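Worksheet: one structure, shown below.
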Amino acid sequence: MPTSPAAGPLEAPLTTLRGVGSERAAQLARLKLRTVGDLLLHRPRRHEDRRHFRDIAGLQLGDAATARGKIIALGLKRWRGGSKSVFEFILDDGTARLHCRWWNLPFMEKYFKQGDEVFVHGRLNSLRPRTMDHPETEVVEAGEENFIHLNRIVPVYPLTEGLPQRWLRSFIWRALEEHEARITEPWPEITAHGVAATFRLREQSSASRPQAEARGYEMLPARANAIHMLHFPEELGDVEIARQRLALDELLELQIEIQRRRQKLQASARGLPCAGDNHLIKPFLTRLGFTLTDAQTKVLREIRKDMGGQQPMRRLLQGDVGAGKTVVAGCGALMALESGFNVALMAPTEILAEQHFQTFSRWFRPLGIGVQLRTGNRKTPDLAPRTSHLFIGTHALIDSGFAPANLGLVVIDEQHKFGVTQREKLVRKGRYPHLLVMTATPIPRTLGLTLYGDLDISVIDQLPVGRGHIKTFVRAQLATPKVFDFIRGKLKEGRQAYVVYPRVEESENGEVKAVTREWEKLRSEFAPFQVGLLHGRLKAEEKERAMESFRANKIQVLVATSVIEVGVDVANATVMLIENAERFGLAQLHQLRGRIGRGAHESYCVLVADSKTDEARQRLKVLEETTDGFRIADEDLRLRGPGELLGREQSGLPPFRFADLIEDRALVERARGMAADTLKKN
Ligand code: ADP
Ligand code: MG
């Protein structure tokens, strides 16, 4: 991420401020505070209203409250030869006494003495006597800086060892005094119509206010005021307003970056003529064995328009598991191949790359098109030059010396498994080829705008007809024998089954051991049916052999880790048992379950969750109720946050300090609109 233009004068290291020696600087660095700018954006953990205190006598059990009083007694008790201890002081505010205790933190003793005036913030966990365990404390010191700490709403910051709350608060106060005037608007031309220059914005009549309101936005304070309000608000509600303003800046920065990238591409690149002439697609569709759904056809029309257009296509294809994205990618590939260009297809796992290799070999070789596989472990023979080819691979396509001439289209399957940079690297292998990225993860709209702001979006919102239903059941561990009986029944009917284990141990080695152990058990459980094993540590050939045997129904039960999460397509497999399902995210379970329900037969997904975790089982019920991927993704985002949903590193998102992609839907839209407006003008 580029630093925002606001960073300029605030980039001075903190050691240039009064009172910061090397020891303080090291402590501040532990909080990632290195420059004045960092310090000014150090977000308070909470605020405390020190204009009003609760009387100790009035505190109720369970209340989280701040009290103020004098220490009238204190002491440290030790037992078990000194290994256990409790430090306690008694606070009196004139209305009642409050016992404050710290267990096994004997050093607390040295911070307090009798007669000290102290603030404590905590939860009352007993009434007789009134007691708080491990409250936060701050000793009131005499001094001219008391106006910073008393009789106002004060910020309470995240700290690190050795750094006192009071010192940091004074330090930030002084830094604000000195530097606040230098905080500028990062994008004055963009925010001019939505930002009040003055602090008490609601009472102010500002010329720009009607314009902001006409767009349906709340006025927000100028950045400098927002930063002041973040630390020292006049009202508690100001803190949220300040946060929104700072969040808007973060989102704007990202949106401007995304949209600039796109604009630059449009200005500098001409789309390669890849719309094709149907001479390959026609015979392909005739021989395919099914007709495309309306949704697939609609998307293909969008793709054809892009690939024949002036600018390189940048399109995201979203479609729930089983919606039939592969065949759409196939038709897109044929358009480029018809036009005389090569095509590259990248998949996130070797298993999926192998599967695509098989599918596309079957589809394309009869049409006279060469298909080559390139993964870290396997490379099929090179193809004759001077005809058009399809190259299929894993990220080895990026890393290796792979650089085909005449690359017309890049397809990335299961895009959410890759980062933005990987996507760009592959595209740069050619002269602005068209790009189609596909994902089954239904991205909630806010995230979509943020992650894929530079892509056009197509959605396959319809499953092919004649699909069997998937019925989902959540069961406790105790029910496992019954589930096995059920699976055996289905095997006898001629169906196949997956049994999936999550990462159960810390190391990958441990995981392999665990799944191998289960496999041995299941072999006798399901005999005489054949039980295969698939996990990430197997060699590429072993993985492929296992998949191949399963596809050919030489194996009836496949025991696997979540390596089969994406893309695997075996229509006769209609049962999936997922063990320890509570360890997976909902979206991931939805993906896993998408491996079944691919043929005409009714399919069954059984989620077995540890019976001790009732709450987890409750969460899984969503999957019993719906197969709507969007609803599931929203629920997941709410429960686990975007990092978990998308895979933390892969999400490609900058770490936001103030923005919250779940709560700030409106701000994301606003930032996107603002960025688009400005870039249009320039
Ligand atoms: P995904 O969108 O999850 O990648 P796939 O492309 O793997 O789904 O498609 C799932 C299965 O549905 C494949 O076996 C595919 O051949 C089949 N399929 C795709 N489109 C249709 C269709 N229009 N009618 C019937 N079957 C289809
Ligand atoms: Mg797929």
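Miscellaneous remarks
- Scanning region 83-101 for residues that are small (G, A, S) and over 20 Å from D55 (Cα atoms) yields a total of 2.
- Put simply, of K110, K32 the only residue that is of a type outside the set (A, V, I, L, M, F, W, C) and either assigned to a strand (DSSP E or B) or modelled with pLDDT under 90 (or both) is K110.
- Residues of region 538-567 that are part of a loop (DSSP other than H, G, I, E, B) and out of contact with any Leu (no Cβ under 7 Å at 6 or more places or on another chain): L538, K539, A552, N553, K554, I555, T561.
- Selection of region 454-504 for residues being touching a helix residue (DSSP H, G or I) at 6+ places or on another chain (Cβ under 7 Å) and in a loop (DSSP other than H, G, I, E, B) yields D454, D461, Q462, Y501, P502, R503, V504.
- Qualifying positions in region 435-456 - in contact with a strand residue (DSSP E or B) (Cβ under 8 Å, 6 or more places away or on another chain), away from ligand 2 (no atom under 16 Å from the Cβ) and at pLDDT below 75: G448, Y452, D454
- For P155, the conditions (1) modelled with pLDDT of 90 or more; (2) surrounded by 14 or more Cβ atoms within 10 Å (Cβ to Cβ); (3) over 27 Å from I71 (Cα atoms) are fulfilled apart from (3).
- Qualifying positions in region 321-349 - in contact with a helix residue (DSSP H, G or I) (Cβ under 7 Å, 6 or more places away or on another chain) and either among the aromatic types (F, W, Y) or part of a strand (DSSP E or B) (or both): V343, A344, L345, M346
- Hits in region 528-569 (condition: modelled with pLDDT of 85 or more, touching a helix residue (DSSP H, G or I) at 6+ places or on another chain (Cβ under 8 Å) and within 16 Å of ligand 1 (Cβ to nearest atom)): M547
- Residue within region 363-371 that is touching a Gly at 6+ places or on another chain (Cβ under 7 Å) and either more than 30 Å from H469 (Cα to Cα) or in a helix (DSSP H, G or I) (or both) present: yes
- Figure legend. Inter-residue proximity from region 587-604: first residues within 16 Å of ligand 2 (Cβ to nearest atom), second residues assigned to a strand (DSSP E or B) and of a type in the set (G, A, S), beta-carbon distance below 6 Å, spacing 6+ or different chains. Indicated pairs: I596/A573; I596/S603; G597/S603.
- In the set T375, T394, only one residue is among the hydroxyl-bearing types (S, T, Y), buried (at least 18 other Cβ atoms within 10 Å of the Cβ) and more than 16 Å from ligand 2 (Cβ to nearest atom); that residue is T375.
- Set side by side, the residues L345, L337 differ, and just one is closer than 22 Å to Y432 by Cβ, within 16 Å of ligand 2 (Cβ to nearest atom) and either of a type outside the set (S, T, N, Q) or out of contact with any Asp or Glu (no Cβ under 8 Å at 6 or more places or on another chain) (or both), which is L345.
- Considering residues of region 301-320 that are without any contact (Cβ under 8 Å) to a residue 40 or more places away in the chain and outside any loop (DSSP other than H, G, I, E, B) only, the residue farthest from ligand 1 (Cβ to nearest atom): K305
- Residue list for region 557-574, restricted to those being over 21 Å from P348 (Cα atoms) and surrounded by fewer than 24 Cβ atoms within 10 Å (Cβ to Cβ): A571, N572
- Evaluation of F364 against (1) under 22 Å from T394 (Cβ atoms); (2) away from ligand 2 (no atom under 16 Å from the Cβ); (3) surrounded by fewer than 21 Cβ atoms within 10 Å (Cβ to Cβ); (4) in contact (Cβ under 8 Å) with a residue 12 or more places away in the chain (one fails), failing number: (3)
- Residue check, F341 within 13 Å of ligand 1 (Cβ to nearest atom), touching a Pro at 6+ places or on another chain (Cβ under 8 Å) and not hydroxyl-bearing (S, T, Y): no
- Total residues in region 513-529, condition out of contact with any strand residue (DSSP E or B) (no Cβ under 7 Å at 6 or more places or on another chain) and in a loop (DSSP other than H, G, I, E, B): 2
- Any hit, region 421-434, residues being in a strand (DSSP E or B), under 24 Å from L300 (Cβ atoms) and within 16 Å of ligand 2 (Cβ to nearest atom): no
- Within region 259-300, considering residues that are away from ligand 1 (no atom under 16 Å from the Cβ), modelled with pLDDT of 85 or more and not in a loop (DSSP other than H, G, I, E, B), the one nearest to R314 (Cα to Cα): K282
The values are calculated or read from the model by the stated rules, or taken from the named source; none is laboratory data. These figures come from a predicted structure and were not determined experimentally. For neighbour counting, all protein chains shown are included, and Cβ atoms are generated from backbone atoms with ideal geometry for every residue, glycine included.
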